[in-house]
Amino acid sequence: MRALIKHHAGPELQLVTDRPRPEPGPRDVLIRVTHAGICGTDRHIWEWDEWSAGRVPVGIVTGHEFVGVIEAIGSAVTKYEPGLRVSAEGHTTAGVDFNSRTGNAHIASDTKIIGIDRDGCFADYVCVPEDNVWPVHDEIPDKFAAILDPLGNAVHTVMAAGVSAKSVLISGVGIIGLMAVTVARAAGASRIFCTDINPPRLALAKKLGAIEAYDAREGAGWIKDVRAQCRGEGVDVLLEMSGADAAFSQGFKALRNGGTAALLGLPAKQVTFDFNENIIFKGCKVLGINGRKMFETWYQMEELLLSRRLDLDDIVTHEFPIEDYKTAFETMISGEGIKVLMRM
């Protein structure tokens with residue numbers, strides 16, 4: 001089969017045509033991939049930064065966002081049959097540790113991620129455990145079904161923070177931050193403010209529902225403006241999606257005392273942060289967000305998509321055949337594209 005692999009300990013990926021098709025085990029499902037999304041993690045692997053060099057094995061098939069059709073099932077699979085259109089949760093676990101058995105399998109101690117710890121979906125076929133398969137509703141188009149993984153990150157962050165009837169600041173409007181804007185609006189946020197350093201993304205955030213979108217490079221004046229619009233106290237909820245050092249400090253300054261901060265952004269290095277002023281004396285609630293809840297978030301995503309209250313058309317910007325994978329990655333990395341898909 002065709003597959004994009006990390007062919008050496010260095011930048012870029014390589015498209016091969018002779019990768020053996022995976023064989024499903026007794027409880028595995030073999031899926032013929034039709035569309036796959038490129039995400040920030042794939043960019044790290046493409047660029048071969050310090051994180052990916054220390055985590056990703058050379059030779060692996062990359063990619064973890066996809067939609068496809070079941071091609072074959074293992075001998076012990078009972079839930080699904082070939083021909084069904086599906087996506088899948090990319091975090092796999094044996095389901096036996098404390099978190100897996102208490103409703104928090106998304107942070108299980110034995111988690112393995114497709115495209116990072118095991119072969120992924122940038123290929124004609126991918127093999128996943130039966131329990132990870134998610135049947136895709138007929139009314140959800142492929143271009144959205146292929147990005148349920150990152151959409152789930154946005155939905156998990158928004159829902160964990162409880163944004164209904166609350167003012168919200170989203171710091172960082174990259175792919176998932178933009179998704180968070182439309183999710184927060186659909187979830188009933190009263191007013192949404194955004195910050196970033198990318199003017200076109202800020203403009204799109206306003207189109208998606210933010211009432212104000214500030215360029216964080218223009219100083220801290222925007223913090224005073226946000227606080228002034230929120231009773232002089234600050235926003236009820238901070239959704240930190242950027243991982244930028246300055247964004248943490250600025251975001252907490254804009255958060256009211258007793259507010260809630262949900263942190264999804266991953267800093268590239270250790271951040272400098274006033275723990276006393278921003279958390280203890282502020283008396284706020286801080287939530288660390290990782291991935292998607294298995295499978296509560298997936299049900300929430302499906303309902304939001306079927307409600308047609310999510311605006312994702314301006315976020316999914318490009319689609320390329322897998323043969324044009326270099327152009328696809330260049331389009332994503334340059335910022336010309338927001339969410340870029342590859343078609344198998």
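Annotations for the structure displayed:
- Near pairs, Cβ below 6 angstrom, 6+ apart or cross-chain, from segment 253-276 (touching a residue at least 40 places away in the same chain (Cβ under 8 Å)) to any residue that is surrounded by 21 or more Cβ atoms within 10 Å (Cβ to Cβ) and of a type in the set (D, E, K, R): GLY265/GLU240
- Extreme residue, surrounded by the fewest Cβ atoms within 10 Å (Cβ to Cβ), among residues of segment 1-48 that are of a type in the set (S, T, N, Q) and free of Cβ contacts under 8 Å to residues at least 40 places away in the same chain: THR17
- The set of residues in segment 6-54 being farther than 22 Å from SER87 by Cβ and either of a type in the set (Lys, Arg) or in the same structural domain as LYS269 (by TED's automatic domain parsing) (or both) consists of LYS6 alone.
- Candidate set: segment 1-59, residues that are among the β-branched types (Val, Ile, Thr) and in a helix (DSSP H, G or I); chosen: the one nearest to THR111 (Cα to Cα): THR41
- Number of positions in segment 289-344 that are hydroxyl-bearing (Ser, Thr, Tyr) and either within 24 Å of VAL133 (Cβ to Cβ) or not in a helix (DSSP H, G or I) (or both): 4
- Of note, ALA36 does not satisfy the criterion of being out of contact with any Asp or Glu (no Cβ under 8 Å at 6 or more places or on another chain), among the aliphatic types (A, V, I, L, M) and at negative phi.
- Segment 242-252 - residue that is touching a residue at least 60 places away in the same chain (Cβ under 8 Å) and of a type in the set (A, V, I, L, M) and, of those, farthest from SER167 (Cα to Cα): ALA244
- Restricted to segment 84-155, the set of strands (runs of 3 or more DSSP E) holding at least 3 residues that are surrounded by 16 or more Cβ atoms within 10 Å (Cβ to Cβ), assigned by TED's automatic domain parsing to the domain that holds GLY59 and in contact (Cβ under 8 Å) with a residue 12 or more places away in the chain comprises 85-88, 125-129.
- Selection status of GLY172, of a type outside the set (Val, Ile, Thr), modelled with pLDDT of 95 or more, under 18 Å from the mean Cα position of the chain (by Cα) and on the phi < 0 side of the Ramachandran plot: no
- Number of residues in segment 195-253 that are among the basic types (Lys, Arg), surrounded by fewer than 18 Cβ atoms within 10 Å (Cβ to Cβ) and either farther than 28 Å from THR317 by Cβ or modelled with pLDDT of 95 or more (or both) equals 5.
The values are calculated or read from the model by the stated rules, or taken from the named source; none is laboratory data. What you are looking at is a predicted structure, and each value in this text was computed from that prediction instead of being measured. Because the Cβ atoms are built from the backbone with ideal geometry, glycine has one as well, and the counts that use them run over all protein chains shown.
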